[in-house]
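The values are calculated or read from the model by the stated rules, or taken from the named source; none is laboratory data. As the structure is a prediction and not an experimental result, all values here were calculated from the model. Glycine also receives a Cβ, built like all others from the backbone with ideal geometry; neighbour counts cover every protein chain displayed. Ligands, DNA and RNA are stripped out before the accessible areas are found, and what is left, the full protein with its side chains, is counted by its heavy atoms. Shrake-Rupley method; radii C 1.70, N 1.55, O 1.52, S 1.80 Å.
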Amino acid sequence: MTLTKEAPPRGDRRDGDEPRGSRVDSSLVLIMLLLVVVALQGPIREAVSTPVMQSWMTVFVAVMVQALPFLVLGVLLSAVIAVFVPASFFARALPKRPALAVPVAGMGGAVLPGCECASVPVAGALVRRGVAPAAAFTFLLSAPAINPIVLTATAVAFPGKPEMVLARFVASLLVACAMGWLWQRLGRADWLRPPARPESEGLGKGAAFWGSVRHDVMHAGGFLVVGAMAAATLKAVVPASWLQATADNPVLAVLALAVLAVLLSICSEADAFVAASLSQFSLTARLTFLVVGPMIDLKLFAMQVGTFGRGFALRFAPVTFALGVLVSVLVGAVLL
């Protein structure tokens, strides 16, 4: 009797093999896209050569070129802190009394580089290790707003205006400490969901480091592109009379840039260059953009919900936004 080897079912395939149909479909899509680009190269060239598009591309490229070095440096340093600095270090460094731990945690943000993408998981780790939530939330708000990378980027984006750097530092630190003290006095334990263990725990240091870098680059880089595109669109497409009308109204200008900071969700290492490009607006309005953005935006709200729970985020975020706007206006009136 002759034994014959059964052929595997047509649907079976070895692990790692890509279905043939999927490869064919991807190739067809790529070919069709290239054909469309070739066919429309004339109109595309004409559209890109228009004055509006030239202006748009100039602003977009300028913002990206200025911001990228600070973004990359901030992401690398943020990953170093998140992976190689144990959370127990913060627990030992902070005073036991929450009222004193709040300003110490706030000043800790001035010496530890990190973007807002990293500050939320670090704050979660602090709470899990027994640090008072008021101090952890103060660090969450101050670290991405007043760390050395952010302040250096602000100085580069606003040359000859050291008062802008000082105003950003003072306003952001005041908001962070005020929110910490407010939580200490009014916060309730049932509003806060205990943070879960992060996925990076249990991995090797190298794997956790590069995982953190990839995560932050994808998120922060993507939002930087969106922010640069928005800034370029405001400069090149929106009629100058509309922007000027908004900028000429002090109240409307501050509120408009505060809301824009929430919507754009730009990484704090790069937001100063976007703010600097909005030259129609007053320094106080742009200060509001720089104070509010690193503390509460769309991605931060989503991360806060995922880490501390919806009940916390729905209470913490609106108060942070309102206090950020109020303190920015007061500090801007004094320093700017």
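How do Ser277, Ser55 rank by accessible surface area computed with a 1.4 Å probe, from largest to smallest? Mind showing how you got there, number by number?
Details: Ser277 20, Ser55 45 Å².
Result of the area sort, largest leading: Ser55, Ser277.
Find out how many positive minus negative residues lie around Phe158, taking Lys and Arg as positive, Asp and Glu as negative, among other residues whose Cβ is under 11 Å from that of Phe158. Before the final figure, lay out each step's value.
Numbers: positive: Lys161, Arg168, Arg286; negative: Glu163.
Spelling it out: positives minus negatives among the neighbours equals +2.
How much solvent-accessible surface does Leu298 expose, in Å² to the nearest 10, with a 1.4 Å probe and all protein chains in place?
Its heavy atoms expose roughly 100 Å² to the probe.
Under a 5 Å amide H to amide H cut-off, with H placed in plane at 1.01 Å, what residues pair with Gly293 once short-range neighbours are removed?
none
Within a Cβ distance under 11 Å of Arg286, other residues only, what is the Lys/Arg minus Asp/Glu net charge?
+1
Take peptides 175-182, 134-141 and line them up by average Cβ neighbours within 10 Å, highest first, as a rough protection proxy. Working shown, then result.
Working: 175-182: 23.4, 134-141: 29.2.
Averaged packing, sorted descending, gives the order 134-141, 175-182.
When ligands, DNA and RNA are left out and all protein chains stay put, how many square angstrom of accessible area per residue does region 239-316 have with a 1.4 Å probe? Mind dumping the intermediate values first?
Values: 2630 Å² over 78 residues.
Value for region 239-316: 34 Å² per residue.
To the nearest 10 square angstrom, what accessible area does Lys299 show with a 1.4 Å probe?
Here the residue's solvent-accessible area equals roughly 20 Å².
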